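**Student:** Please read through the structure below; I'll follow up with questions.
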Amino acid sequence: MSEQRYRLHWVTAIIEILKALKEAILPLIVVFFANGRREGDTGLWYIDYLSIIITGSLLIILSVSGVIKWLRFQYWFEDNELRIESGLFVRKKRYIPFERIQSLDYTEGIFHRPFKLVKVSVETAGSSSLKKSEGELTAITKEAASQIERHMTEAKRKRKQPISDDSLNGEPLLEEALEAVEEKAVKVFSLSSKDLFILATTSGGIGVILSGVAIFLSQFGDLIPYEWMFEEFSSIIKFGALIVGLAAFAGLVGVWILSVIMTFFSYYAFTVTLEEEDIIITRGLLEKKRVTVPLKRVQSVSVIQNPLRQPFGYASVSIHSAGGGVGDGAKINLFPLIKKKRVQERLEAIFPDYLFEEPLTKLPPRGKPFFYRIDFLWMLPVIGALTYFFFPYGLLSLLIIPVIIALGQWQYRSSAYTIHDNQLTMRFRGISLQTAYMTRRRIQSLEMKQSYFNKRKQVASIVASAKSGMGQHRGHIHFMDEAEAERILTWYEKRSTRKATSSFQLADESLEVE
Amino acid sequence: MRPQPANQISRKGLKVWRLYGIIQTSILTLLAIGFGVLIYINDWSTWLYLAAAAVIIIDSYVSIYLIPKIRWMRWRYEVRESEIELQHGLFIVKRTLIPMVRVQHVDTSQGPILKKYGLAVITISTAATNHSIPALEMEEADELRNRISILARVAEDDV
């Protein structure tokens with residue numbers, strides 16, 4: 001059975017070459033500078049031009065391998081599978097059954113746009129590798145992408161059919177048929193330009209960029225003439241501290257503006273739509289991204305308010321999905337910025353099984369000191385050392401004590417929890433306030449922690465872990481009433497008991513929700 | 001008050017932990033001897049000999065006697081029909097509940113020292129977390145592993 005085989009668009013070759021170049025750029029620069037700075041003539045032409053020769057041949061090799069990679073890459077449909085064959089020296093074949101595909105994510109970069117192409121990433125349930133998705137089609141036309149999607153929905157429908165035939169009454173079949181008919185997309189959320197502006201200006205991207213700068217400096221540390229800079233610097237100091245301060249401030253502002261622009265580009269036209277059983281998120285100005293998250297893969301929902309946004313009544317919402325890698329892939333920004341008072345209504349439209357109310361039960365006052373008491377363990381030595389070594393000014397470090405105590409108080413006051421039916425809601429604060437909504441069947445394990453001192457005061461902490469990609473997302477409530485913590489353990493235990501014994505789990509579940 | 005989980009880990013686990021403590025202390029002792037030589041060569045204060053000796057004595061008491069004892073006393077587990085409950089911790093007592101339906105797979109493993117004592121570690125993995133019981137008699141570990149895997153088979157894959 002020979003099926004028609006498809007090749008990627010030729011832009012793939014260019015993208016591959018550029019990607020390889022980007023990876024090779026650092027060694028190339030090193031080669032170039034190490035060689036180019038040598039003075040004098042050795043008389044041997046191939047030594048004089050060594051750097052150019054190396055660079056040139058590398059460029060040629062990269063281009064040729066890029067083109068060959070493109071030529072070798074083929075995909076086709078066979079036996080309800082997406083089959084991909086690729087590889088330069090080692091031929092790789094990868095067969096992905098359509099019914100295993102959880103979602104297709106699209107990215108349109110600047111090279112894709114002129115040709116109406118997309119990059120398609122195939123996400124499966126057990127995407128095992130940490131960095132890449134199961135299958136990646138670097139550049140195909142939009143028609144080809146929708147062709148894959150058609151194949152996928154077809155295969156999934158075929159799989160659903162026999163199950164519904166088995167069911168006792170005909171209702172589920174009917175329902176499914178109806179569902180298939182009204183395959184419609186509902187727009188649930190979009191980011192207005194005003195919100196986009198606020199998001200960009202208050203984003204935490206500053207830290208990311210600062211660390212990026214630090215990394216850059218550490219990478220190019222040898223190339224930057226520090227001595228020369230030091231001389232310049234000392235002459236600047238003669239000008240006065242004011243100018244230094246101004247320069248630093250200007251630098252920070254520059255970094256901040258950069259982060260604003262980057263956030264603006266990546267969150268431009270951010271839209272969330274609900275299509276059947278999938279959440280679809282599209283965003284981006286230069287690089288358009290389209291991510292699909294099947295609803296049933298969502299493991300937990302968190303509402304996060306950082307201290308900068310909280311006073312203005314803004315919050316952000318993220319969901320943790322079972323797919324994706326560590327970190328980025330699994331934690332998905334569902335609403336990057338939204339008015340707090342509208343969170344509940346919007347979320348309930350997407351997740352009807354959840355109850356998005358603020359948790360009600362606060363913590364007992366006797367647990368309050370635990371929020372900052374442990375910090376004295378590191379504070380006292382640090383303060384002691386600072387005071388000892390920098391005598392008069394070191395005493396200023398004492399100021400950290402009230403700050404830490406205030407933060408502890410704040411964390412104590414922010415903490416709350418509620419158990420509602422089969423849902424555990426936890427609100428806690430590190431610095432940002434997070435409200436985590438987890439259902440019982442998504443909590444993978446529950447832990448109660450108690451130190452000797454906690455026990456004396458009859459308080460305990462609860463940590464609930466839900467799956468998030470390859471890792472976990474943890475919700476916790478610290479220093480709550482001991483009896484209440486045990487009640488949560490019992491709550492978690494009871495339900496799973498019944499779950500294991502009941503064979504009609506789904507029916508059971510739906511009853512419970514009501 | 002919730003009752004503690006019923007089972008304790010093997011008494012031999014205590015021995016193994018003591019052995020680990022002894023290994024750790026001997027490494028520390030070697031370091032201390034090296035330090036002693038340095039003191040001798042450089043003619044540093046004789047008090048430093050005492051300090052080094054004190055460190056070793058305290059460490060051997062803590063890591064050979066005290067910590068294994070507390071750890072062993074604290075470690076409890078119980079495998080019930082529908083969940084696994086663990087309790088462990090030195091200063092902070094942790095009690096973990098893992099529903100059977102969440103268990104993805106169970107492993108047993110043993111290093112050379114555990115093998116000599118006929119012990120094994122059993123590791124229970126859910127979709128998100130890993131939990132292990134550190135020292136069980138081998139037959140017990142195997143039996144437990146089989147039991148958990150049978151009980152967990154009821155689980156429906158819904159992640």
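**Student:** Build a GNM of chain B with springs between Cα atoms under 10 Å: which of B:T126, B:T108, B:T46 gets the top mean-square fluctuation?
**Tutor:** B:T46
**Student:** Which distance in Å, rounded to a whole number, links the C-alpha centroids of the stretch A:46-118 and the stretch A:409-434?
**Tutor:** Using only Cα atoms to place each centre, the spacing works out to 47 Å.
**Student:** A further question follows. Could you state the number of Å between the C-alpha centres of the stretch B:60-92 and the stretch A:342-389?
**Tutor:** 28
**Student:** With N set to the number of residues, divide the alpha-carbon radius of gyration of the stretch B:32-159 by 2.2 N^0.38 Å and report two decimals.
**Tutor:** Numbers: Rg = 21.6 Å, N = 128, 2.2 N^0.38 = 13.9 Å.
Compactness ratio reported: 1.56.
**Student:** Okay, next question. Taking only DSSP H segments of four or more residues, each worth -39500 (n - 2.57), what value at 222 nm results for chain B once the sum is divided by all its residues, to the nearest 500 deg cm²/dmol?
**Tutor:** Details: 5 runs with 74 residues, N = 159.
Value at 222 nm, helices only, nearest 500: -15000 deg cm²/dmol.
**Student:** Checking the table A:K194/A:K289; A:K368/A:K455; A:K158/A:K296; A:K340/A:K449; A:K455/B:K12 against a 23 Å threshold on Cα-Cα, which pairs fail? Please report the intermediate quantities before stating the final value.
**Tutor:** On the way: A:K194/A:K289 21 Å; A:K368/A:K455 14 Å; A:K158/A:K296 19 Å; A:K340/A:K449 32 Å; A:K455/B:K12 29 Å.
With Cα atoms farther than 23 Å apart: A:K340/A:K449; A:K455/B:K12.
**Student:** For the stretch A:442-481, divide the Cα radius of gyration by the Kirkwood radius and give the resulting Rg/Rh value with two decimals.
**Tutor:** Numbers: Rg = 12.0 Å, Rh = 10.8 Å.
Result: Rg/Rh = 1.11.
**Student:** Normalized C-alpha radius of gyration of the stretch B:1-82, against 2.2 N^0.38 Å? Can you show the working numbers first?
**Tutor:** Details: Rg = 19.2 Å, N = 82, 2.2 N^0.38 = 11.7 Å.
That ratio works out to 1.63.
**Student:** Filter the GluC sites (Glu not before Pro) in the stretch B:85-157 down to the DSSP loop ones having no more than 14 other Cβ atoms within 10 Å, then list what survives. Let's see the in-between values first.
**Tutor:** Details: sites: B:E85, B:E137, B:E139, B:E140, B:E143, B:E156; in loops: B:E156.
Those that pass, being in a loop and sparsely packed, are B:E156.
**Student:** Students often get this wrong: which residues of the stretch B:117-135 have the backbone nitrogen under 18 Å from the point 7 angstrom along Cα-to-C-beta of B:R11?
**Tutor:** Within reach of a label on B:R11, which here means backbone N under 18 Å from a point 7 Å along Cα→Cβ, the stretch B:117-135 contributes B:117-120, B:135.
**Student:** Here's another thing I want to ask about it. Give the long-range amide H neighbours of A:S103: residues separated by 5 or more places, or on another chain, with amide H under 5 Å away, using H modelled in the peptide plane at 1.01 Å from N.
**Tutor:** Residues meeting the criterion, in which the H sits 1.01 Å from N, are A:E123.
**Student:** Could you line up A:M480, A:M262, A:M470 from fewest to most neighbouring Cβ atoms inside 10 Å? Walk me through the numbers before you get to the answer.
**Tutor:** Working: A:M480 25, A:M262 15, A:M470 20.
Least crowded to most crowded, the residues run A:M262, A:M470, A:M480.
**Student:** Kyte-Doolittle cut-off 1.6, length cut-off 18 Å along the helix's own axis using Cα: show which whole DSSP H helices in chain B pass.
**Tutor:** Details: long enough: B:11-42 (47 Å, 0.99); B:47-60 (20 Å, 1.86); B:138-152 (21 Å, -0.35).
Result, helices passing both filters: B:47-60.
**Student:** Same structure again: What distance in nm separates the simple spin-label points at A:R366 and B:D59, each placed 7 Å from Cα in the Cβ direction?
**Tutor:** Placing both labels 7 Å beyond Cα along the Cβ direction yields 4.1 nm.
Throughout, read-outs are computed from the coordinates displayed, never taken from laboratory work. Here the structure is a predicted model, which is why all the values come from computation and not from measurement. A quick note on method: Cβ atoms are made from the backbone with ideal geometry, for glycine too, and the neighbour counts reach across all protein chains shown.
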